[in-house]
1. Restricting to the range B:49-70, count the residues that are more than 14 Å from every other protein chain (Cβ to nearest Cβ), assigned to a helix (DSSP H, G or I) and more than 13 Å from B:Lys15 (Cβ to Cβ).
2. Only one residue in C:Lys61, C:Lys47 is basic (Lys, Arg) and within 14 Å of another protein chain (Cβ to nearest Cβ). Which one?
3. When residues of the range B:29-48 are filtered for being buried (at least 19 other Cβ atoms within 10 Å of the Cβ), within 10 Å of chain A (Cβ to nearest Cβ) and within 12 Å of the chain's Cα centre (by Cα), how many remain?
4. If B:Ala87 meets every condition in (1) at the interface with another protein chain (Cβ under 10 Å from one of its Cβ atoms); (2) within 29 Å of A:Glu106 (Cβ to Cβ); (3) outside any strand (DSSP E or B) apart from one, which number is that one?
5. Could you identify the single residue in B:Glu103, B:Glu86, B:Glu62, B:Glu96 that is crowded, with 16+ Cβ neighbours inside 10 Å and among the charged types (D, E, K, R)?
6. Among the residues of the range C:33-44, count how many are at positive phi and within 14 Å of chain B (Cβ to nearest Cβ).
7. What are the pairs with Cβ atoms under 7 angstrom where one residue, in the range B:94-123, is away from chain C (no Cβ under 14 Å) and within 21 Å of C:His92 (Cα to Cα) and the other, located anywhere, is part of a strand (DSSP E or B) and among the basic types (Lys, Arg)? Sequence gap at least six, or different chains.
Amino acid sequence: MKIAILINEGPYTHEATDSAYLFARAAIEKGHQVSRVFFYHDGVNNSTRLTEPPQDDRHIVNRWAKLAEEHEIDLVVCVAAALRRGIKDENLAPGFRISGLGQLIEAGIQADRMVTFGD
Amino acid sequence: MSEGQIKKFMYVNRKAPHGTIYALESLEVVLIAAAFDQDVSLAFMDDGVYQLKKGFNTKGIEVKNFQPTYRALDDYDINKLYVEKEALEARGLTQEDMCVPVEVLSRAEIGKLMETQDVVLSF
Amino acid sequence: MLHIVNKSPLDRNALDTCLATAQPGGALLLIEDGVYAATNGNAAAGKLKQAMGQMKVYALKPDLEARGMADRALEGVTLVDYGGFVDLVTEHATCQSWL
């Protein structure tokens with residue numbers, strides 16, 4: 001199946017992005033396709049290349065980028081939410097792209113399932 | 001999945017306005033969604049019913065007043081707005097307090113409506 | 001329909017609203033802090049047991065384990081891993097996250 005994911009919260013403060021990542025990874029292991037992960041509200045903070053978490057803990061931004069690269073997942077950051085929170089191309093982590101809310105709707109139309117992770 | 005496919009999208013709002021940004025940003029999603037010609041419903045449950053309480057005056061908290069945008073939804077053919085009956089009652093609100101025309105449904109009725117949707121988005 | 005609740009029942013009313021809204025025949029999956037509802041002695045345990053009469057109730061085991069509560073899981077709740085979470089999403093036509 002084609003599964004799309006919506007993430008409403010940023011890294012570390014909420015478990016949302018962790019749950020979403022582990023879900024996405026499991027979906028891929030089961031042979032499904034994770035077509036798009038859309039980052040909205042504070043979720044856009046999952047895409048900044050400036051994070052420096054402690055070395056002995058998971059690197060949330062990087063592992064999303066790695067999973068996306070290995071499995072061709074489209075990581076989309078909402079432009080309006082990103083601008084509000086200071087996420088722009090100049091501080092965007094590799095593997096993510098900034099685009100409009102239409103990408104969220106399109107993901108919902110094209111995927112077989114859509115799951116929301118948030119607060 | 002072919003072009004021109006119409007899916008039923010339901011947007012569920014359960015949070016009060018202003019204390020968090022979810023009310024405003026979910027409204028922005030709905031407006032964009034209007035361009036996709038899908039079958040759109042909005043459900044306001046729990047504190048989400050407060051989003052439609054008429055008469056926002058945001059001058060004192062110095063934030064943009066986004067309530068007029070709810071009235072613009074009709075211009076985009078988004079007019080299936082459902083408000084939870086039990087939530088209104090628990091908050092001392094009535095249908096007359098709402099800033100736009102809404103249909104008041106019980107939780108169970110909203111639940112039945114949810115079952116018929118293709119995509120349910122929560123904010 | 002699959003209902004996903006991720007907040008603790010004593011912190012938010014998400015579980016209450018979910019249970020009052022959900023139609024019989026669906027499934028409830030508790031994840032993140034929502035898993036506390038599925039533990040012995042939690043104030044929501046009674047509600048959850050009642051809900052089991054109308055729907056299947058699941059809890060994400062890794063979240064219970066992380067919270068040191070896996071050995072106190074309520075009887076009748078099916079524990080799943082992330083693979084099981086994926087299966088629940090694909091088995092139900094649609095899902096709602098009660099945030």
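Throughout, read-outs are computed from the coordinates displayed, never taken from laboratory work. What you see is a predicted model; the values in this text were computed from it and never measured. Note that we place each Cβ from the backbone using ideal geometry, even for glycine, and neighbour counts take in every protein chain shown.
1. 2
2. On the way: C:Lys47 fails: within 14 Å of another protein chain (Cβ to nearest Cβ).
Being basic (Lys, Arg) and within 14 Å of another protein chain (Cβ to nearest Cβ) holds for just one of C:Lys61, C:Lys47, which is C:Lys61.
3. Within the range B:29-48, residues that are buried (at least 19 other Cβ atoms within 10 Å of the Cβ), within 10 Å of chain A (Cβ to nearest Cβ) and within 12 Å of the chain's Cα centre (by Cα) number 3.
4. (2)
5. Sole residue among the options that is crowded, with 16+ Cβ neighbours inside 10 Å and among the charged types (D, E, K, R): B:Glu86.
6. Qualifying residue count, the range C:33-44: 0.
7. Qualifying pairs under 7 Å: none.
To keep it simple, each residue is scored yes or no on (1) over 13 Å from the mean Cα position of the chain (by Cα); (2) loosely packed, with under 15 Cβ neighbours inside 10 Å.
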| position | (1), (2) |
| --- | --- |
| A:Gly10 | no, no |
| A:Ala27 | yes, no |
| A:Tyr40 | no, no |
| A:Asn46 | no, no |
| A:Asp56 | yes, yes |
| A:Trp64 | no, no |
